[in-house]
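The values are calculated or read from the model by the stated rules, or taken from the named source; none is laboratory data. Just so it is clear, the structure is predicted and the values come from calculations on it, not from any experiment. Because the Cβ atoms are built from the backbone with ideal geometry, glycine has one as well, and the counts that use them run over all protein chains shown. The accessibility values were calculated without ligands, DNA or RNA, using every heavy atom of the protein model including side chains. Shrake-Rupley method; radii C 1.70, N 1.55, O 1.52, S 1.80 Å.
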Amino acid sequence: MPANKRIAVWMSEKKLQKINWQELVAASSKYGFDVFKLDLNKGLEEQGPFCVFLHKLTDIIASANQGDIRSTEVINEVEAYLTENPSIVVFDPIPHVKRLLDRYNCYSIMQDTDLHNYGVFTPNFCVLRDGDLDVIRDELKKSLVTYPFICKPILGHGSRQAHEMSIIFDEKYLVDCKTPCVAQSFVNHNAKLYKIFIVGERHCYVDRPSLKNFQASQRESIYFDSSDVSKADSRSRLSVLDPEDVGNEAWEPDPKVMEVIASTLRKSFGMDLLGIDVVIENTTGRYGIIDVNAYPGFDSVSGYDGFPDFFEALLECISKRVTSD
């Protein structure tokens, strides 16, 4: 097998166990590629050469951002190797993944697109870095973040904590904001979320349970894990519509709008492997993008388990990139 037809794959052992490795090997062989598992505890030079680097380094990047020394060393070594070997096609470029992991940066990128022309919006948001309540009030007001709003960790990957969120219903409970965080206006969407999975030029979407409708009120803050609420088989009480909302069916997405969202964000982030969380506002029918994930993986919460012929699509995408680059 020529050296320029080798695909290096790195994912955590936990994620590797969720994929059908033999199916990946078979799909790779069909397109003339050899695939192997990269060992980040060994020198990359001795494992090369390879022409494609397929990775799920989000957790290591996140740990490096939080100051973990070994994670920082690993990312630096990988980036140095890729800089020395610029012909390697990377899925996806590490600087682009880093940019995506910061929720504030991620939302800012989405807000700068022309998706508003298609009835698509990013709910108002701001970053809260200071625990001072006066500062929090000012930031929320300046950014037009309304009650109720969701507090999300700034770092969108890397640990269980990335999914730990809260809903703040009233100003008197601002003390519940766990700073630093991103505050984002909550959009009522009749407890249904749509996940778009992108593999190069292909995409598909599936629906998932989501949070029920909420209004600004005097109620205490709610704490929840977003991955628990949006599992395909979720039985969360937070997904059960209140009696007055039962019978109000969620809007069905327009495939053309979902395609525009997929193609626009793929270009904006400069990435081929993305997961996008979309809700449809129950009163207006507008599409709100509430999160974007790098290479969603294969779990039942946000992964490619709903993508038909995933490995075929992946290898088709890889083959096109290798040929065009």
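So the values come out like this:
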| quantity | calculated |
| --- | --- |
| Selected residue (criterion: most open to solvent (accessible area, probe 1.4 Å)) from residues of the range 27-41 that are part of a helix (DSSP H, G or I) and touching a helix residue (DSSP H, G or I) at 6+ places or on another chain (Cβ under 8 Å) | LYS30 |
| Selection from the range 217-269 of residues that are outside any loop (DSSP other than H, G, I, E, B) and of a type in the set (Val, Ile, Thr) | ILE222, VAL229, VAL257, VAL260, ILE261, THR264 |
| Boolean, LEU100 is touching a helix residue (DSSP H, G or I) at 6+ places or on another chain (Cβ under 6 Å), within 20 Å of LEU274 (Cα to Cα) and open to solvent by less than 60 Å² (accessible area, probe 1.4 Å) | yes |
| Helices (runs of 4 or more DSSP H) enclosed by the range 63-120 - at least 1 residues per element that are more than 21 Å from the chain's Cα centre (by Cα) and on the phi < 0 side of the Ramachandran plot | 69-84 |
| Qualifying residue in the range 45-55 (condition: in a helix (DSSP H, G or I), over 18 Å from the mean Cα position of the chain (by Cα), at pLDDT 90 or above and farther than 12 Å from TRP10 by Cβ) | yes |
| Selection count, the range 75-95, where residues are of a type outside the set (Asp, Glu) and open to solvent by less than 10 Å² (accessible area, probe 1.4 Å) | 5 |
| Residue selected from the range 121-142 under the condition hydrophobic (A, V, I, L, M, F, W, C) and part of a helix (DSSP H, G or I), by the criterion farthest from GLU259 (Cα to Cα) | LEU133 |
| Boolean, ILE168 is buried (at least 20 other Cβ atoms within 10 Å of the Cβ), in contact (Cβ under 8 Å) with a residue 24 or more places away in the chain and aliphatic (A, V, I, L, M) | yes |
| Among residues of the range 236-247, those that are loosely packed, with under 14 Cβ neighbours inside 10 Å and either modelled with pLDDT under 80 or among the hydrophobic types (A, V, I, L, M, F, W, C) (or both), counted | 3 |
| Residues of the range 144-165 satisfying the condition of being at pLDDT 90 or above and surrounded by fewer than 17 Cβ atoms within 10 Å (Cβ to Cβ) | LEU144, THR146 |
| Residues of the range 192-209 that turn out to be acidic (Asp, Glu) and either touching a helix residue (DSSP H, G or I) at 6+ places or on another chain (Cβ under 9 Å) or more than 16 Å from TRP251 (Cβ to Cβ) (or both), as a count | 1 |
| The range 42-74: number of residues that are closer than 14 Å to LEU101 by Cβ and either crowded, with 20+ Cβ neighbours inside 10 Å or hydroxyl-bearing (Ser, Thr, Tyr) (or both) | 10 |
| Residues of the range 177-188 that turn out to be at pLDDT 95 or above, open to solvent by 10 Å² or more (accessible area, probe 1.4 Å) and not aromatic (Phe, Trp, Tyr), as a count | 3 |
| Condition met for SER221 (out of contact with any Lys or Arg (no Cβ under 7 Å at 6 or more places or on another chain) and either open to solvent by 50 Å² or more (accessible area, probe 1.4 Å) or of a type in the set (Gly, Ala, Ser) (or both)) | yes |
| Residue within the range 36-58 that is free of Cβ contacts under 8 Å to residues at least 12 places away in the same chain and among the aliphatic types (A, V, I, L, M) present | no |
